[in-house]
Amino acid sequence: MATLDAKFAFQGWAAPALVKVAGLTEFASGTYPLERMVLDLREPKTRQASSTLARLPWAGFLVDSPEDAPAGRPWIAANDQALALGSGDVIEVIPANGKVARRYRRGANNNIFFATERCNSFCLMCSQPPRQIEDDWRVEHLCDLAALIDRDTPSLTVTGGEPTLLGEGLNRVVARCASVLPNTALHILSNGRNFERPGLAQSFDGLHPALTWGIPLYGDTYELHDYIVQSQGAYAQTLRGLYALEAAHQRIEIRVVLVRPVVERLPALARFIYRNLPFVSHVALMGTEPTGFARAHQDTLWIDPADMSSPLTEAVDKLARRDIPVSLYNFPLCTLPKALWPHAQRSISDWKQHYLPACETCQVRNRCGGFFAWVTDPWTSRAIKPIRDEETTCVRP
C-alpha cells in the first residue's frame, strides 16, 4: 500500500502550497506557470541544466539533499521511502505539520478529488465516516488542483462525504474541470438525495462534456435502503433525485455495495432497476471495503462472496439481458463463478491494492483486482486460492 502523505524536510514555505513536480518535459511544454511548479533536481539531465534553470521563478526545488538546492530558494528534500514522487505529480506542502501530501499521481488508476467530510447519510459500511465541519475551503483548493493536473488524464473521481453539500461550489469545481481538463471524464460519487431539490440537477446540464453521477441504491424497498444509509426518507429522496438527474440529461451509474441485507434481495433490486430506472448507463455491484464504519458492523454486513454466487449471478444476468452494462468491483476472481469474470474489474485504487500470499502462484493475478490493503481474516473469503492454468478459461456472456 502506498501512503498519501509523509514527513519531509523542507525550507522556505511559509504557507500551504499546491505545486506540480516538474522535469524538463513539463518545463518545455509551457502548460503550467513556473510559479506553480517545483523543479525536480534529482533528475540527471535537469541537474546538468540547473545553473541556468535555477534563475527562473520556480515555486521551489525537489532535491535529494538540502545541499543540492539553490541558495536562498524554497526546497523540499525527497523522502522516497515514504512517498515516491515523480514528474507530473501534484503535491501540497503543509508547513504546519511538516508534511508533504500527494494530491495527484501521474499514471494512477484512480485519482481522487476529496470534496467534503460532511454527509447527510450515515451508511453502515461507510469507508469515510463523515464529520460535520465547515470545509467549503475545499472548493477553491480543488479548482487550484485541477489547473495542475495532466491534460491527458483519462478520468477523475469526486467523492466525500456528500459532494452536493458544497452547494454552488460543486458547480464551480465541475466547470473548472470542464475548462482546464476538457478531455478528462469526471465521476462524482453522490447519494443523490439533494437532487430532489428543484433546479439542482438542471444546474449541471451542459456544464461538463463527460460527467457521470455514481448514485447508491441498496434495495427495492424503502425499509432496506433507509436502514443501510441510516436515514429515514432517503430512499424516496434518492429516487426523486435519480429522475431529476435523468430529466437534466445526466449520465447515471447505480452503485450497490453488497452487504448481507442487500445481497438477500439482490435479484429483486436488479429487477427494480431495469423496470424503473432503465435509463441508467451502468450498474456497479461492489464488494465491501473493510474500513471505517464497516469494521464496527462486520457481523451484520459481511457475507462471503462464496455464499453470494447464486443471487449475484441472477442479478447480473437480469441486468445484462436488458442491455444494462454491469460491472463487479472489489472481488478477487477466485471468489466469483467463472461466468462472471468478464464483468469483474480491477477497481481498487492502486495505492490501496494488495495481494495475499495465496496469490503468489495465481495464473490470473495480472487481471485480478486483488484486495484492499487493510483486509483481515474476518473479511477474507474461504474461496481464496491460486487459479491454475487449466482453470483460467472463462465463459463470455
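The values are calculated or read from the model by the stated rules, or taken from the named source; none is laboratory data. This one's a predicted model, so the numbers in the text were calculated from it and none came from an experiment. Note that we place each Cβ from the backbone using ideal geometry, even for glycine, and neighbour counts take in every protein chain shown.
Just one of PRO95, PRO130 is outside the structural domain of TRP13 (by TED's automatic domain parsing) and either polar (S, T, N, Q) or at negative phi (or both); which is it? Walk me through how you get there before you give the answer.
On the way: PRO95 fails: outside the structural domain of TRP13 (by TED's automatic domain parsing).
Selected residue: PRO130, the only one of PRO95, PRO130 that is outside the structural domain of TRP13 (by TED's automatic domain parsing) and either polar (S, T, N, Q) or at negative phi (or both).
For region 171-189, which positions are among the aliphatic types (A, V, I, L, M) and more than 22 Å from PRO16 (Cα to Cα)?
Within region 171-189, VAL174, ALA175, ALA178, VAL180, LEU181, ALA185, LEU186, ILE188, LEU189 qualify.
Go through region 332-350 and give me each residue that's in contact with a Ser or Thr (Cβ under 6 Å, 6 or more places away or on another chain) and part of a helix (DSSP H, G or I).
THR335, HIS343
To keep it simple, each residue is scored yes or no on (1) at negative phi; (2) under 33 Å from the mean Cα position of the chain (by Cα); (3) crowded, with 19+ Cβ neighbours inside 10 Å; (4) assigned to a helix (DSSP H, G or I).
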| residue | (1), (2), (3), (4) |
| --- | --- |
| LEU39 | yes, yes, yes, no |
| LYS45 | yes, no, no, yes |
| SER51 | yes, no, no, yes |
| LEU56 | yes, no, no, no |
| GLU67 | yes, no, no, yes |
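If the requirement is being crowded, with 20+ Cβ neighbours inside 10 Å and either under 24 Å from the mean Cα position of the chain (by Cα) or not polar (S, T, N, Q) (or both), which of these qualifies: PRO261, PRO267, PRO198, PRO216?
PRO216
Name every residue in region 275-301 that is surrounded by 17 or more Cβ atoms within 10 Å (Cβ to Cβ) and aromatic (Phe, Trp, Tyr), in order of residue number.
The one that is surrounded by 17 or more Cβ atoms within 10 Å (Cβ to Cβ) and aromatic (Phe, Trp, Tyr): PHE293.
If you scan region 334-393, which residues turn out to be among the β-branched types (Val, Ile, Thr), farther than 26 Å from THR300 by Cβ and surrounded by 14 or more Cβ atoms within 10 Å (Cβ to Cβ)? Don't jump to the end; show me each part of the working.
Just the residues of region 334-393 that are among the β-branched types (Val, Ile, Thr), to begin with: 335, 348, 361, 364, 375-376, 380, 384, 387, 392-393.
Now restrict to residues that are farther than 26 Å from THR300 by Cβ: 361, 364, 387, 392-393.
Within region 334-393, VAL364, ILE387, THR392 qualify.
How many residues are assigned to a helix (DSSP H, G or I) and either closer than 20 Å to THR212 by Cα or not hydrophobic (A, V, I, L, M, F, W, C) (or both) when one looks only at region 271-286?
Selection size over region 271-286: 5.
If you check THR313, THR300, THR361, THR335, which single one turns out to be hydroxyl-bearing (Ser, Thr, Tyr) and more than 28 Å from TYR227 (Cα to Cα)?
Exactly one residue qualifies, and that residue is THR361.
So which residues in region 166-188 are within 23 Å of THR238 (Cα to Cα), touching an Asp or Glu at 6+ places or on another chain (Cβ under 9 Å) and of a type in the set (A, V, I, L, M, F, W, C), if there are any at all?
Passing the criteria: only LEU166.
Give all pairs with beta carbons closer than 7 Å in which a residue from region 191-208 that is hydroxyl-bearing (Ser, Thr, Tyr) meets a residue that is modelled with pLDDT of 95 or more and surrounded by fewer than 19 Cβ atoms within 10 Å (Cβ to Cβ); count only pairs at least 6 apart in sequence or on separate chains.
The qualifying pairs are SER203/ASN171.
Just for region 314-326: of the residues that are touching a helix residue (DSSP H, G or I) at 6+ places or on another chain (Cβ under 7 Å) and over 19 Å from GLU264 (Cα atoms), which one is surrounded by the most Cβ atoms within 10 Å (Cβ to Cβ)?
Here the answer is ILE324.
Could you tell me whether ALA210 is closer than 30 Å to ARG151 by Cα and of a type in the set (Gly, Ala, Ser)?
On the way: closer than 30 Å to ARG151 by Cα: yes; of a type in the set (Gly, Ala, Ser): yes.
Yes, satisfied.
Hey, could you check region 307-364 for residues that are small (Gly, Ala, Ser) and in contact (Cβ under 8 Å) with a residue 40 or more places away in the chain and say which is nearest to ARG106 (Cα to Cα)?
Step one: list which residues in region 307-364 are small (Gly, Ala, Ser), which gives 309-310, 315, 320, 327, 339, 344, 347, 349, 358.
Among the residues that remain, those that are also in contact (Cβ under 8 Å) with a residue 40 or more places away in the chain are: 315, 320, 327, 339, 347, 349.
Values: ALA315: 36, ALA320: 34, SER327: 25, ALA339: 34, SER347: 17, SER349: 13 Å.
Step by step, filter region 307-364, then rank; the result is SER349.
Might you let me know whether region 108-124 holds any residue that is in contact (Cβ under 8 Å) with a residue 24 or more places away in the chain, within 14 Å of the chain's Cα centre (by Cα), surrounded by fewer than 17 Cβ atoms within 10 Å (Cβ to Cβ) and over 20 Å from ARG176 (Cα atoms)?
yes
For TRP137, indicate whether it is of a type in the set (A, V, I, L, M, F, W, C), crowded, with 18+ Cβ neighbours inside 10 Å and at negative phi.
It is false that TRP137 is of a type in the set (A, V, I, L, M, F, W, C), crowded, with 18+ Cβ neighbours inside 10 Å and at negative phi.
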